[in-house]
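Below: the structure, in structure tokens.
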Amino acid sequence: MIRAETENQLFVAPSALRLPELNAFIKKSNPNPSHFRLRPFVNMTSVVDERVSDEVEALQAILMNDVTIKREGNKPTIIETIVHPLTGDDTDQQYVCVTLEVKLTPDYPDSSPEVTLRNPRGLDDQLLFTINSQIKEKLAECLGQPVVFELIEVIRQHWRPLGEECGGLLRMANW
């Protein structure tokens, strides 16, 4: 769509119109058009912040099949991933996990997303409370910038000692 603005009026026409046709359209709609500006008409609900696009692209490149991006049209609305400790390819060492769900607000990253931890495995309530508290701190600290990778790291930093404890206990039990 093309927008033509005069001092007092706004005209919207199909973008397929050429300049002469657009001038005729404006004159027909307003016999005495003053100065006007032409600009593309953008539906703001379909515009995706470049920072969000870059973040989603990076998440998909790094996490590959371990991230799900839910969209409304072309706009990402929810980013979801199951966070495991970093144990390389040794899935037997992944004793804990939690699903991180990040609901993007309309003006994210300039406002904090809604974050939910779901389906915790191997985590007690106290540890979940601590992780949630640190997630809130990280959201406040990183306001205005993409934060999903930071949130994944907040979760994983709590698992290094936990993973070592669980791994040691299981190795002793299997010995």
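The values are calculated or read from the model by the stated rules, or taken from the named source; none is laboratory data. Computed from a prediction, not measured in an experiment: that's the story for all the values here. We place every Cβ from the backbone using ideal geometry, glycine too, and count neighbours over all the protein chains shown.
Modelled with pLDDT under 95, loosely packed, with under 15 Cβ neighbours inside 10 Å and in contact with a strand residue (DSSP E or B) (Cβ under 7 Å, 6 or more places away or on another chain): does that describe R160?
no
Residues of region 77-93 being part of a strand (DSSP E or B), farther than 18 Å from P120 by Cα and at pLDDT below 95, which ones?
Across region 77-93, there are no qualifying residues.
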